[in-house]
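Below is one structure, written out as structure tokens; comments come after it.
Read-outs: derived from the displayed coordinates by stated rules, not from any lab. Here the structure is a predicted model, which means the values were calculated and not measured. Every residue, glycine among them, receives a Cβ derived from its backbone with ideal geometry; neighbour counts consider all protein chains shown.
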Amino acid sequence: MYKYIDFTTKIDYNKLLEPAKALQKGKVIVFPTETVYGIGVNGLDEVAIKNLYSIKKRPIDKPISLLVNNISMIEKVAKNISPLEYKLINSFMPGPLTIILEKSSIVPNILTANSNTVGIRIPDNTIAKKLIEYSGVPIATPSANISGKPSGTIISDIINDFNDSVDYYIDGGKSKIGFASTIIQVVNETPKILREGIISKEDIEKVCKMV
């Protein structure tokens with residue numbers, strides 16, 4: 001039976017300690033971010049990630065991004081970060097930007113569909129950041145929906161999708177933005193938008209020149 005934690009009426013971050021410990025042990029958590037709800041597991045646990053693919057009915061060749069809570073954690077899961085990539089990170093994180101970086105050796109290949117890159121984001125949501133902080137691990141987090149269905153923005157819809165295949169549901173109310181993050185990758189020192197969200201091409205051009 002899943003556990004439900006309500007943050008809509010009273011904020012008590014101590015309630016995140018239990019699901020944070022559960023994350024360390026490979027459990028599955030649904031939690032809010034500022035974009036949409038995420039369904040997450042320990043991003044360094046290969047068995048948990050495999051389970052996540054199964055629960056979401058997500059094709060195994062479709063990579064999953066990591067949520068982290070600071071630049072120090074980015075530097076643990078990624079390497080050879082360029083000055084331009086740091087500039088984008090510092091300009092748009094925390095926030096609705098996912099950046100594709102070269103992954104470090106601690107990131108399981110199953111997470112990245114055997115590629116040498118990984119998507120990374122620092123969410124602008126205190127519940128999400130505290131969950132990462134308390135667990136001490138990056139969280140492998142696609143949107144909380146069955147693959148092919150709309151991204152989850154209301155906890156009741158997400159519970160209907162997943163029910164007891166998820167161990168904890170953390171309810172932070174309706175998602176603030178309501179759609180997924182912008183995804184960007186720097187190729188030959190040029191930022192390329194792979195998916196546009198609330199952060200637009202024009203926003204990125206204010207920070208660095210784009211071709």
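What the table shows:
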quantity: Max mean-square fluctuation residue, GNM over the chain, Cα-Cα springs under 10 Å, options Pro123, Pro138, Pro108; calculated: Pro108
quantity: Relative contact order (%) - the chain, alpha-carbon pairs under 8 angstrom, separation at least six; calculated: 32
quantity: Relative contact order (%) - criterion: Cα under 8 Å, at least six apart; region: region 7-126; calculated: 28
quantity: Net length gained if the chain between Ser115 and Asp164 were fully extended (0.36 nm per residue, minus Cα distance); calculated: 14.5 nm
quantity: Formal net charge of residues neighbouring Glu102 (Cβ-Cβ distance under 12 Å; K, R +1; D, E -1); calculated: 0
quantity: Debye, to nearest 20: dipole size of region 3-207, +1 on Lys, Arg Cβ, -1 on Asp, Glu Cβ; calculated: 220
quantity: Long-range HN-HN contacts of Thr117 with modeled amide H, under 5 Å; calculated: Lys103
quantity: Folded to 0 to 90 degrees: helix 126-135 orientation relative to the chain principal axis, Cα; calculated: 80
quantity: Rg ratio (alpha-carbon, reference 2.2 N^0.38 Å) - the chain; calculated: 0.96
quantity: For the chain, share of DSSP beta bridges that run antiparallel, in % to the nearest 5; calculated: 60
quantity: Rounded Å value of the spacing that divides the Cα centres of region 25-96 and region 137-211; calculated: 10
quantity: For region 63-201, with +1 on Lys and Arg beta carbons and -1 on Asp and Glu, the positive-most of Pro96, Tyr169, Pro150 along the dipole; calculated: Pro96
quantity: For q = 0.16, 0.21, 0.24 Å⁻¹, Debye-computed log10 I/I(0) when each Cα of region 12-126 counts as one equal scatterer; calculated: -0.77, -1.30, -1.53
quantity: Built amide H within the under 5 Å cut-off of Ile170, gap 5+; calculated: Ile5, Val30, Phe31
quantity: Whole-Hz couplings from phi, Karplus 6.51/-1.76/1.60, listed for region 112-122; x for Gly and Pro; calculated: 10, 6, 6, 8, 9, 10, 9, x, 9, 9, 9
quantity: 3J(HN,Hα) from dihedral phi, region 17-24, Karplus parametrisation 6.51/-1.76/1.60, rounded to Hz, x for glycine, proline; calculated: 4, 5, x, 5, 5, 5, 4, 4
quantity: Model label zone, Glu196; criterion: amide N under 16 Å from point 7 Å along Cα-to-beta-carbon; scope region 80-98; calculated: 97-98
